[in-house]
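Peer 1: Below is a structure I'd like to ask you about.
The values are calculated or read from the model by the stated rules, or taken from the named source; none is laboratory data. Given the structure is predicted, the values throughout are model-derived calculations rather than measurements. FYI the Cβ positions are ideal-geometry reconstructions off the backbone, even for glycines, and counts take in every protein chain you see.
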Amino acid sequence: MCIESPAWLLTKGRREEAKEVIARLYGEEHVQTALSWLEQLSGINAVFYYSGSIFSDAGISDSRVGTLIIDFINIWPAFFTGVLANRFGARNMILWGLAGMFVMSVLMTVAFIVDVSALSIVFTALYVIAFGVTLGPLVWVMTADIFPDSIRASASSLCIGMNWLCNLIVGVAYPYISDALDDYAYVPFVVLLAIFFLLALKMVPETSGKSAEEILAEYDSRREK
């Protein structure tokens, strides 16, 4: 069942109807906010903050070198994101990124268990690349695209706040997780990535090349399934 766009309703002065539509679209699943926290709970900042031990085990004693390597690997894939998203769609890119990070997290865990430092570095690098070309930049684009104009600024601010809160949680919690699980420290992120993939598959609409009305219509159709 089609509904009117909140933006269109507001232009017609039908404010209460616009509020009802926004509540219907965003009141339960909170897809946009979820995109913000799944980016952080994917485990990426555990790599950014604590990858020094991985490089140390591989014989790189200066943690700054490891940090520079990870940062460089994270930056350059983003230059290709726009082209790839236009070609394959932002939603597909998000799904591929989550799948790639899931696989690399599993392989990282295996490398930690068998104690092969070189493989740990390779799989960590591929994990960061999967994030840097998909989830890293596209979450912000899709969050802005999905929100209607009437609430975009305030809602995007909420998503940014949620993103940083989850960043803090991962940063504080990971050392304790690592101490408790040792070589299996990334298993919680493996589980979360699998859950996030299924949620994104069901709930996240395609935004590339679509108007706000088309995005809202697709999102509504997904809710009805």
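Peer 1: Going through Ser51, Ser5, Ser36 one at a time, which residue ends up being surrounded by 15 or more Cβ atoms within 10 Å (Cβ to Cβ), at pLDDT 75 or above and not hydrophobic (A, V, I, L, M, F, W, C)?
Peer 2: Values: Ser5 fails: at pLDDT 75 or above; Ser36 fails: at pLDDT 75 or above.
Of Ser51, Ser5, Ser36, the one residue that is surrounded by 15 or more Cβ atoms within 10 Å (Cβ to Cβ), at pLDDT 75 or above and not hydrophobic (A, V, I, L, M, F, W, C) is Ser51.
Peer 1: Which of (1) buried (at least 17 other Cβ atoms within 10 Å of the Cβ); (2) at pLDDT 75 or above; (3) farther than 30 Å from Ile151 by Cα is the odd one out, the single condition Leu98 does not satisfy?
Peer 2: Leu98 satisfies all of (1) buried (at least 17 other Cβ atoms within 10 Å of the Cβ); (2) at pLDDT 75 or above; (3) farther than 30 Å from Ile151 by Cα except (3).
Peer 1: If a residue must be in a helix (DSSP H, G or I) and touching a residue at least 12 places away in the same chain (Cβ under 8 Å), how many such residues does segment 189-207 contain?
Peer 2: Adding up the residues that qualify gives 12.
Peer 1: Identify, by number, the condition in (1) over 22 Å from Trp164 (Cβ atoms); (2) more than 18 Å from the chain's Cα centre (by Cα); (3) touching a residue at least 12 places away in the same chain (Cβ under 8 Å) that Ser63 doesn't meet.
Peer 2: (3)
Peer 1: Out of Val106, Val110, which single residue is surrounded by fewer than 19 Cβ atoms within 10 Å (Cβ to Cβ), within 16 Å of Tyr184 (Cα to Cα) and free of Cβ contacts under 8 Å to residues at least 24 places away in the same chain?
Peer 2: So the residue among Val106, Val110 that is surrounded by fewer than 19 Cβ atoms within 10 Å (Cβ to Cβ), within 16 Å of Tyr184 (Cα to Cα) and free of Cβ contacts under 8 Å to residues at least 24 places away in the same chain is Val110.
Peer 1: I'd like the full set of residues that are of a type in the set (Val, Ile, Thr) and either modelled with pLDDT of 90 or more or not in a helix (DSSP H, G or I) (or both), limited to segment 123-145.
Peer 2: Matches in segment 123-145: Thr124, Val128, Ile129, Val133, Thr134.
Peer 1: For Leu135, state whether it is of a type in the set (A, V, I, L, M, F, W, C) and surrounded by fewer than 20 Cβ atoms within 10 Å (Cβ to Cβ).
Peer 2: The answer is no for Leu135.
Peer 1: Here's a follow-up. Within segment 146-190, which residues are aromatic (Phe, Trp, Tyr), modelled with pLDDT of 80 or more and crowded, with 17+ Cβ neighbours inside 10 Å?
Peer 2: Tyr174, Tyr186, Phe189
Peer 1: Which pairs have Cβ atoms under 7 Å, sit 6 or more apart or on different chains, and link a residue in segment 144-157 that is under 20 Å from Ser208 (Cα atoms) to one that is at pLDDT below 70 and outside any helix (DSSP H, G or I)?
Peer 2: Partner pairs satisfying both residue conditions: Pro148/Ser5.
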